[in-house]
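What follows is a short report on a single structure.
What follows draws every value from the coordinates through simple rules; no lab data is involved. The model shown is predicted, which means the values in this text are computed figures rather than measured ones. Cβ sites come from the backbone with ideal geometry, for glycine too, and all protein chains shown count toward neighbours.
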């Protein structure tokens with residue numbers, strides 16, 4: 001295929017469509033989550049479906065109101081769709097979030113190259129779409145139907161400039177669209193959209209460039225320059241898979257791209273790009289994750305450090321360290337990407353994704369989660385180990401230690417954000433963090449930090465050791481829990497401590513089935529009925545098995561976990577094993593973080609697995 005000069009002007013749409021033939025088709029037919037790709041530039045993200053339909057994008061930043069909210073059943077979408085019958089495919093360009101949709105039509109292939117342009121501007125997005133024709137002309141139908149504030153503000157003040165750019169407003173936001181100069185405004189219920197049929201000659205391409213922001217520059221971006229700069233930035237920020245070692249270099253590079261795409265210029269990484277997608281169909285578990293969770297970004301920063309991706313490590317230390325220094329022992333578990341508080345939950349009054357909800361904001365921002373301090377210490381120790389922790393970073397270490405010393409006896413919401421209790425994992429991860437920074441310091445306060453770790457561990461051992469010799473969830477809860485595997489994995493206790501092996505063996509027996517791992521038993525129902533397999537736990541289990549020398553077990557859980565995705569390779573929080581469906585917000589950053597870490601830690605398959613732990617789970 002060749003990409004030559006811009007194609008001739010587009011052919012105007014000659015078909016008059018009412019809302020039942022455009023918006024309603026999109027709103028009424030969402031796709032299963034595994035078929036959506038993510039475009040992201042660090043400041044915001046867009047979900048792109050197999051019809052070339054962008055059905056989710058917030059502007060100007062992650063937690064702003066959506067301008068394309070069709071995913072949640074509200075008006076607003078942007079489509080580039082073949083006019084002929086087609087089957088869909090696509091892939092990411094390696095080490096990037098540049099997506100190539102590829103449709104095989106009855107006449108031949110059509111491609112559309114998609115990206116949010118880099119470098120990103122926090123106040124203005126630039127969305128690039130390039131339709132490419134192979135050896136036959138490419139015929140696509142384009143619909144631009146933006147709606148501000150989750151569908152409440154239609155496109156107004158619409159006009160076409162002399163250079164063929166369309167401009168307009170979406171409430172307080174301004175819009176400019178280049179490449180659709182011959183589009184026809186179509187009046188639909190509660191607004192106006194733009195439609196155009198494009199016929200791109202064989203061997204040519206046609207660019208569509210959309211800008212949305214509170215203010216726009218005088219000139220629209222040149223698409224060729226924007227594409228070149230975007231490609232260059234991705235190459236500089238995410239290495240190709242070849243330099244990465246471990247179990248799955250290609251997937252590790254993709255995970256790194258996802259984490260980079262979800263990390264703002266402020267250094268903050270959002271937990272997910274979306275809100276209110278259902279963790280269980282028809283259930284109440286649907287939340288807004290467009291904010292930065294301390295724990296989640298600690299996972300990502302530590303994984304990046306292990307993989308040698310120091311820019312992602314530095315971002316995590318910079319943003320999270322500032323939050324720690326500002327708030328000390330009153331550290332919130334989550335923040336907005338600008339460092340502000342997470343807003344309280346409200347309902348939008350839109351239909352929501354089928355089986356999901358319509359919440360924005362998150363009440364988790366008001367919880368106390370003790371384990372966040374331990375995870376911060378593990379992150380800061382990783383930075384110190386790579387000689388990337390400055391004096392301010394060590395002040396953050398001291399602040400976290402002081403917070404643990406002050407609050408470790410208090411009940412907290414824990415890693416799973418449940419009711420306040422003395423969760424065993426919360427205390428053990430603080431022990432691990434204290435040991436890690438003591439080892440990194442090597443003197444000075446290290447003795448005091450180690451002594452505090454010993455005190456917390458001794459107390460937790462007295463209250464939360466199960467009669468069988470394993471860790472239990474809490475002093476008053478004898479059940480096993482996937483988070484308890486982290487005690488040994490993160491270094492709270494040695495791998496050869498009898499409690500490490502007993503905890504892993506109990507977990508494998510009681511909370512895994514056929515290579516899928518679950519958090520805990522919520523009730524007496526079979527695993528998978530109360531909630532899906534928890535993909536984070538798959539990767540934690542792989543790390544725990546690897547630590548015990550069982551390469552076969554580690555590979556088993558790693559492979560199951562990394563395959564629980566669709567063609568774009570994006571992972572959600574949970575996986576519905578029975579229906580083979582993704583569950584929860586998309587993508588879930590901490591799952592990609594643990595995939596990156598596990599891939600980095602495990603040896604390549606060719607190294608030859610061994611086995612020392614034998615599971616008694618059902619086969």
Rounded to the nearest whole Å³, what is the per residue volume of the convex hull around the Cα atoms of the range 11-235? 116
Can you tell me the 0 to 90 degree angle between the C-alpha axis of helix 424-441 and the longest principal axis of the chain, rounded to 10? 90
On a 0 to 90° scale, report how tilted helix 294-307 is relative to the longest principal axis of the chain, with both axes built from alpha carbons and the result rounded to the nearest 10. 90
With an 8 Å cut-off on Cα pairs and a minimum separation of 6 or more residues, tell me the relative contact order of the range 124-189 in percent. 18
Give the relative contact order (percent, whole number) for the chain; include only Cα pairs under 8 Å separated by 6+ residues. 13
Estimated distance in nm for a label pair at residue 363 and residue 346, the labels positioned 7 Å out from Cα along Cα-to-Cβ: 1.7
Once residue 559 and residue 525 are pulled to full extension, the length gained, defined as 0.36 nm per residue separation minus their Cα-Cα distance, is 9.6 nm
Can you tell me the Rg and the Dmax, both Å, for the Cα atoms in the range 238-607? 19.1, 58
What does the extension gain come out to for residue 325 and residue 93, with contour length at 0.36 nm per residue minus their alpha carbon separation? 79.6 nm
Could you work out how much longer the chain between residue 123 and residue 190 gets when fully extended? Use 0.36 nm per residue separation minus the Cα distance between them, nm to one decimal. 21.4 nm
Tell me, what is the percent relative contact order of the range 39-175, built from C-alpha pairs under 8 Å that lie six or more residues apart? 22
Kirkwood Rh, Cα atoms: Rg over Rh of the chain: 0.99
For the range 339-497, the Cα convex hull volume per residue in Å³ comes to 156
Fewest-first ordering of 107, 79, 529 by Cβ atoms within 10 Å yields 529, 107, 79
Expressed in µm² per second, the diffusion coefficient of the range 101-205 from the Stokes-Einstein equation, with Rh the Kirkwood radius over alpha carbon pairs, at 37 °C and 0.692 mPa s, is 215
Rounded tilt (10° steps) of 391-407 against the dominant C-alpha axis of the chain: 60
